[in-house]
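Notes for the one structure printed next.
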Amino acid sequence: MNSVLITNAVIADSGSERSDGWVLVEDGRIAAVGHGELDETAIEAFDAEGGTLFPGFIDVHNHGAVGIDVNAADADSLVAVGEFLSKHGVTAWLPTLVPDADENYARIVGEIERVMAIQAEMPIAQILGVHYEGVFANENMCGALRPEFFKRFTGSEVRELPRLQSGVHMTTLAPEVEGGVELVKALTADGWVVSIGHTEANVETLDAAFEAGARHLTHFFNAMTGIHHREVGVAGWALTREDVTFDIIADGIHVDPRMVEFACRTKSPERVSLISDSVAPTGLGDGTFELWGERVSVENGRTRNERGSIAGSVITMLDAVKMAASLGFSMSEIARMASRNPARLIGLSDETGSIAAGKRGDLVVLDAEMNVAAVFIGGRRV
């Protein structure tokens, strides 16, 4: 039996500030969680030295990193992204595709399946499925996406999106496009996680999309209509509906930090997920890069394409976690936003996203400066 014992930790999602917490992982699963003395000998022990133990971060919106674009990736390069992410506390992720040609979708899905078949034995961020962003989007809210690849729903397009043999299938769409509400119904019935984004839908259409199965919004405030006192907008609709959740890019660029705090407090950390929305230049510093058919510059952590739009972020989930901490969110609130809520969104909260017996041994230890001290994926230390 392979086992590891993590000791002397503040367990983030326990709500306790005690630094004598421990977690025992056996054969890749959390076997027990507690505080104080433990009469157990583990093959491997890790002393957290008073650091904070989080569930592994789950990034449901990630376009790539270290020079690798998911849309252009093969299996080896997806593994390289997983290695990079794991070193920054991410234990699971959804490779996220921007609009592209159907044949490239099929190729990428095949490469994702290759990685999913072998990753369990590798200490890398585990791919959980695939996220199609903006295949059905509003051209007025395209952001950095390529409208020449947008689709309209006439009844058959759902089956044209290549599917994995197993895993999560998520998509971000605008419900006001042709056949949009019917598309939400069809995707939901087919087991997809449907999120609203790249949209300027009115309240009536948003309500209809909700009833059809779309209960979440992608990168809140970005690529959607905002709040006005005489026009609630997409953002206002989400904030005034308790039963809607959203994710948000906490990089201080896509959304002002004060608005990140406002949105997350208003919605409550119980209903918000942090995402990176990272793109290929992440981890490479400033410079000029080719991305999605155009040049993208990165300067002081801000991306900009040739059309002047922000083209994704260059942060990791760890950066988002650090920003949330700087805004005064507690460790337990951050654990919800970075781990539990993303797991719940994609239907995997029984498997991962929190520190409890029976869950996967996906864990991150952060030191007093919120830097990574250790990462465990399926009980294996990265």
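Points worth noting:
- Filter result for His228 (touching a strand residue (DSSP E or B) at 6+ places or on another chain (Cβ under 7 Å) and not aromatic (Phe, Trp, Tyr)): no
- If only residues of segment 114-127 that are assigned to a helix (DSSP H, G or I) and not hydrophobic (A, V, I, L, M, F, W, C) are counted, the one that is farthest from Arg163 (Cα to Cα) is Glu121.
- Here the helices (runs of 4 or more DSSP H) wholly within segment 309-376 that include at least 1 residues being among the basic types (Lys, Arg) are 317-326, 341-345.
- Restricting segment 214-231 to residues that are part of a loop (DSSP other than H, G, I, E, B) and either among the acidic types (Asp, Glu) or modelled with pLDDT under 95 (or both), the residue that is nearest to Leu183 (Cα to Cα): Ile227
- Residue identified as assigned to a helix (DSSP H, G or I) and farther than 22 Å from Gln126 by Cα among Glu37, Glu103: Glu103
- Taking segment 273-322 as the range and being more than 16 Å from Val98 (Cα to Cα), touching an Asp or Glu at 6+ places or on another chain (Cβ under 6 Å), buried (at least 24 other Cβ atoms within 10 Å of the Cβ) and not aliphatic (A, V, I, L, M) as the test, only Ser273 passes.
- Unmet criterion (only one of (1) assigned to a helix (DSSP H, G or I); (2) of a type in the set (A, V, I, L, M); (3) surrounded by 23 or more Cβ atoms within 10 Å (Cβ to Cβ)) for Met170: (1)
- Members of segment 133-156 that are touching a helix residue (DSSP H, G or I) at 6+ places or on another chain (Cβ under 8 Å) and surrounded by 18 or more Cβ atoms within 10 Å (Cβ to Cβ): Val135, Phe136, Ala137, Phe150, Lys151, Phe153
- Sole residue being over 24 Å from the mean Cα position of the chain (by Cα), modelled with pLDDT of 95 or more and either surrounded by 20 or more Cβ atoms within 10 Å (Cβ to Cβ) or outside any loop (DSSP other than H, G, I, E, B) (or both), chosen from Val181, Val130: Val181
- Applying the set (1) farther than 30 Å from Arg146 by Cα; (2) at pLDDT 95 or above; (3) among the aliphatic types (A, V, I, L, M); (4) crowded, with 19+ Cβ neighbours inside 10 Å to Ala117 leaves exactly one unmet item: (4).
- The set of residues in segment 53-79 being out of contact with any Gly (no Cβ under 9 Å at 6 or more places or on another chain) and free of Cβ contacts under 8 Å to residues at least 24 places away in the same chain consists of Asp76 alone.
- Residue within segment 185-198 that is touching a residue at least 40 places away in the same chain (Cβ under 8 Å), more than 23 Å from Glu270 (Cα to Cα) and surrounded by 22 or more Cβ atoms within 10 Å (Cβ to Cβ) present: yes
Every residue, every condition in (1) closer than 22 Å to Thr171 by Cβ; (2) touching a His at 6+ places or on another chain (Cβ under 7 Å), yes or no:
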position	(1), (2)
Phe246	yes, yes
Val260	no, no
Glu270	no, no
Val279	yes, yes
Leu291	yes, no
Glu299	no, no
Met323	no, no
Gly347	yes, no
Asp350	no, no
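- Matching residues, segment 257-307, being touching a Lys or Arg at 6+ places or on another chain (Cβ under 9 Å), in a strand (DSSP E or B) and of a type in the set (D, E, K, R): Glu294
- Close pairs (7 angstrom Cβ cut-off, 6 or more residues apart or separate chains): under 16 Å from His254 (Cα atoms) and touching a residue at least 40 places away in the same chain (Cβ under 8 Å) in segment 224-239, in a strand (DSSP E or B) and among the hydroxyl-bearing types (Ser, Thr, Tyr) anywhere: Met224/Thr199
- Matching residues, segment 48-101, being at pLDDT below 95, over 21 Å from His219 (Cα atoms) and not aliphatic (A, V, I, L, M): none
- Of residues in segment 133-146 being over 20 Å from the mean Cα position of the chain (by Cα) and of a type in the set (D, E, K, R), the one farthest from Thr91 (Cα to Cα): Glu139
The values are calculated or read from the model by the stated rules, or taken from the named source; none is laboratory data. What you see is a predicted model, and the numbers here were worked out from it, not measured in a lab. For neighbour counting, all protein chains shown are included, and Cβ atoms are generated from backbone atoms with ideal geometry for every residue, glycine included.
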